[in-house]
Structures are given as C-alpha cells and as structure tokens.
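The values are calculated or read from the model by the stated rules, or taken from the named source; none is laboratory data. Since the structure is predicted, the reported quantities are computational estimates derived from the model, not experimental observations. Note that we place each Cβ from the backbone using ideal geometry, even for glycine, and neighbour counts take in every protein chain shown.
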Amino acid sequence: MTAKQWSSDWMRAALGLCVLRTLAAGPTYGYAIAAALEESGFGQVKGGTLYPLLTRFETAGWIAVDWRVGAGGPERKYLSLTDAGRREFEAQTIAWRDFTGTVFAHLDSIDLPSTAAPKGTDES
Amino acid sequence: MTEWNGRIMTTNTREAANEEWLESLIIELRLQGVNGTRIGDAIASAREFLVDSGAVAEDAFGSPKQYAAELNLPVEPDADQGGRGALVRGAIGMLGMFSVVQAVIPLVYGETLTVIAPVLAIMVVAFIAIACLPRLMPAMARMRKRSVFVTFLLGAALGLVTTVPGVLFVVWAGDRMALSLPALPVFIVGVVCLIAPALWGQLRHSITDDPIVVPGVTPSARSARRTRLFLVVINWLLVPVTVALCAVALLMDSFSR
C-alpha cells in the first residue's frame, strides 16, 4: 500500500502536536516517534524534519532527555514529556480541536454566501 | 542494501557515507559556534536515527549545512570573538611571513635589507588579502571532506599565488632602494610574528578545549583526531608556506647572482 502524501503545509502545522501526542504515551526515542507517526498514516517523517522539532521542544522545556547507554549497543536518547510539555500538549489539543471544528463548521455550512461577483449594479 | 540517488548502496558504503556526512555536520556546527556537548548530542541523535532506520544520511536529514541551520542550536557567546582573534592572528602571521621572506636573502649573504616602495605596496595588498584568510575558513573547512592533503595543497597554492609575485619583484628590482634595514632584527621579528600567532592559536585551543562529547562514549574517535589534525594544519599553515617561499627566493636569487 502506498503511503498517503499529505500537504507539506498541513504536516508542518500538525506535526508538532502529533509528536507531543506520541510522547504523551510514555518515554520514547527518535525513530520510534517517526515509526509511530508513519503507522498512524502521516507518511514517512524524516529525521531532518523530526529532530529540529524535538530540539525546539527540548529548548522550550517541554521534553526531558535521558540517554540510556546500552551494553555495547547504540545509545538511545529517550524523550519524555515534562509537566510543562504535558500542559502544552493539552492546551494545543484543545486549540486544535477548536480550530478544526471551526474549519468543519465552515465546510459543512449550507448557508454559504454567494461567491459570485455582483453584476449589473449600474443598471438599477 | 539501500537505494539512494538512483544507486544501490551496500551496508558498508552507506555506513561510510553516513560517517562522512556526520563529520561534515560536526564542521558545520563548529562553524556556527555550537559547543562540543551540544554537537555530541546532535551527532549521537542523528547516528541513532540512521542506525535504526537504515537510511542514508543525506536522504534522511538533507545536506549537513541545511540540517545544521534547521537544528538552530544555541551558539557560544564568544564565537564571534574567536573569529576576530583568528583575523588578528592571520594578519600578524602574514606580517611575519613577509618579513622573513624579505630578510632571508640579505641575511644569508650578510647584506642590508632594502625594501623598495612597490614591494611595500604589494606587501600591503597581499597582507590585506591573506589577513582575510579566516573569512575563507568556512569554505576551506567545507573542502576538508576532499581530504586534509588536498585542502593543505589548495591553501599553500593560495599563499604562493598571492605572494610569489612579491618575491619575483624583489629579485627583479633588488637594487632600487627605498628603505634600508638591518636583516637580522627584521628576520627575528618576522620569525616571532610568524610563530607567535600560531602558538597562541594552538595554546588557546588547548586551554579552551571544547571536545565533542558523545553521550556515553569516551571522546577518542578517529573523526575527532582527523578534525583536530585539520585544525592544527590550518593553524600552522603559514610556517611551511614561509619556508617554501624562502627556498624559492634563495633559489631564484642564486640564479641571478
């Protein structure tokens, strides 16, 4: 099955919140976040997109970092939401629902005003 | 095996390409003035992702320059001062190089150093040009992936192209005296001006050493050694260039005598 390709503008708008949602499930690491997002139908999320976002979250204090060094294996940078991150996730979720609700309400509206240009105004 | 850019890459080729990409990322982040701990973190994160995904770095992250810019990591407050310091060191080193090259022939033959006006003019022009060398550092550092040797040759060629005309002019117009100076003091001052900035740069680098700290790994990687070697070569570049110019000047002078 070919993965659906979403508009890059939409992805840019929604990716931050979706990454926070993935982190809300518990501590995880970079590739696991990308894989979870792909599994959820967002398509392939590249490291070049994901890590700058994670760096911004880390700088904002929304995520905590814990390097877990394996015995001989590669080190993993485990990321988890801080309290501030959890509050941010909840606030963004409410705001996003509000926004998408507004978009849906607009799209489903049956009383759309005519978008046709007014004509013959000079004949009245 | 991975397909990238229309070609099939084996695991070994991919890993080699990824390591080269990570080294370029280190250079880009260094050029930005990011500290070693943050660089270590960024490198380890990228390496972890590449190992997990089996992706080619250029495909997963874009170019090292682009990715370094997108990471937008905090920059050390004295990064600009370091650049200005390198500019001053480059200028003093150039002054030393010119003095040594000018003084070496009179010193060898026990003569007085004569400096003519056109040579002074050429010195000033070349002095300004090569004092801007630190400005060229980013470009030179990015050429590093071609190999330390090629970069060294390019740097030396740049130095020769800029200064050989001055040496030839001295040989050609040797007796048009404008300023007469004792050769030995000029030579000694030149050597000090040549060596001191390089030594200062070397010590400063050692004192404010900022190793790349990869989480959980002792910083003794081959890439760190190569980067350090490259910085040492750049720091001391003017010394071998000066020796080469002195040899050229002496050789040409021996033909004209």
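Details
- Cβ separations smaller than 6 Å between residues 6+ apart or across chains give the following pairs from the stretch B:46-57 residues that are facing chain A (nearest Cβ under 7 Å) to residues that are buried (at least 18 other Cβ atoms within 10 Å of the Cβ) and of a type in the set (Ser, Thr, Tyr): B:49/A:31; B:52/A:31; B:53/A:31.
- In the stretch B:87-138, the residues that are small (Gly, Ala, Ser), closer than 30 Å to residue B:25 by Cβ and modelled with pLDDT of 70 or more: B:90, B:93
- Selection status of residue A:53, within 14 Å of chain B (Cβ to nearest Cβ), buried (at least 19 other Cβ atoms within 10 Å of the Cβ), under 19 Å from residue A:25 (Cα atoms) and without any contact (Cβ under 8 Å) to a residue 60 or more places away in the chain: no
- Residues in the stretch B:47-73 that are surrounded by 23 or more Cβ atoms within 10 Å (Cβ to Cβ) and closer than 13 Å to residue A:34 by Cβ were compared, and the one that is nearest to the chain's Cα centre (by Cα) is B:61.
- Qualifying residue in the stretch B:104-113 (condition: in a helix (DSSP H, G or I), within 14 Å of chain A (Cβ to nearest Cβ) and either among the charged types (D, E, K, R) or within 30 Å of residue B:192 (Cα to Cα) (or both)): no
- Qualifying residue in the stretch A:1-11 (condition: away from chain B (no Cβ under 12 Å) and within 17 Å of residue B:49 (Cβ to Cβ)): no
- Pairs with Cβ under 8 Å, 6+ apart, first in the stretch A:1-19 and more than 18 Å from residue A:89 (Cβ to Cβ) and among the polar types (S, T, N, Q), second modelled with pLDDT under 95 and surrounded by 10 or more Cβ atoms within 10 Å (Cβ to Cβ): A:5/A:43
- Among residues of the stretch A:1-23 being polar (S, T, N, Q) and either modelled with pLDDT of 90 or more or touching a helix residue (DSSP H, G or I) at 6+ places or on another chain (Cβ under 7 Å) (or both), the one that is nearest to residue A:59 (Cα to Cα) is A:22.
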